[in-house]
Amino acid sequence: MDKRKENPWLSIWRKPEKTIEHLLNQESNQHIWLISGLFSFSIALPVLVGLGHYKWIDKYSWQTAILVIGISFLGSILYVHVGAHILSHIGRWFHGSAKPNEVRTALAWSSIPLVIAIPFWLPSTFLVWSTTNNINVTSNIISSLLSLWILFIAIPCKYIVNFLYIYSFALLIRMLASVHQFSKWKAFFTILFGIMLIAVLIVICSKMKFA
């Protein structure tokens, strides 16, 4: 890859294997914390939309938003750093060779589509927020048309978000396969076993908490 011309923020979409190879050859952790921070917002926005949809946001909505953003930031850090160790070790079951720092780079940069998804969540977030805070968006013709227009924007945005989520997962598979130097199927099962392991740990912890 031409180091003078290629920007990893752009090349990640077309050539994820070459991009991750370039980033690892540079031994650079550049932008990982920035991506993690932006990734936290891509977690927080759908959570807020979900809470609003099920009427779980009450009059303390701003406090709830701050709490969700804080937890999402912590979750993004755990995903990138702790997830790197988990997928590194599980990958070795399939004869992979990636170190945790290499998997961390793959996890962070495969999240770029989720970062791009942030503005596409905003129309749904606005609609939910205005509803849960009892903002009268239909008090007159102008505000009613505005609300309807935002709704029409939110519907196609949701499909774009779904595509970006799928694309992010595809990037993770390709980049994880690249750093572990094994097939994409092995990368897929490495991720699957990692999800299953975390789910089991959560269940065990929840049972211990309520025992």
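The values are calculated or read from the model by the stated rules, or taken from the named source; none is laboratory data. The shown structure was predicted, so the numbers you read here are calculated from the model rather than taken from an experiment. Neighbour counts run over all protein chains shown; Cβ positions are idealised from the backbone, glycine included.
Worth a mention:
- Residues (closer than 20 Å to residue 25 by Cα and surrounded by fewer than 20 Cβ atoms within 10 Å (Cβ to Cβ)) located in segment 86-101: 97, 99, 100, 101
- Close pairs (6 angstrom Cβ cut-off, 6 or more residues apart or separate chains): assigned to a helix (DSSP H, G or I) in segment 193-208, not β-branched (Val, Ile, Thr) anywhere: 194/87
- Where residue 191 falls short, out of the listed (1) out of contact with any Leu (no Cβ under 8 Å at 6 or more places or on another chain); (2) at pLDDT 90 or above: (1)
- Leading residue by the ranking (surrounded by the fewest Cβ atoms within 10 Å (Cβ to Cβ)) among those in segment 1-24 that are at pLDDT below 85 and of a type outside the set (Asp, Glu): 4
- In a residue-by-residue description of segment 170-183, the property of being assigned to a helix (DSSP H, G or I), in contact (Cβ under 8 Å) with a residue 12 or more places away in the chain, at negative phi and among the aromatic types (Phe, Trp, Tyr) applies to no position.
- A count restricted to segment 175-211 and to residues that are closer than 18 Å to residue 102 by Cα and of a type outside the set (Phe, Trp, Tyr) stands at 14.
- Qualifying residue in segment 121-142 (condition: at positive phi and either modelled with pLDDT under 85 or in contact with a Phe, Trp or Tyr (Cβ under 9 Å, 6 or more places away or on another chain) (or both)): yes
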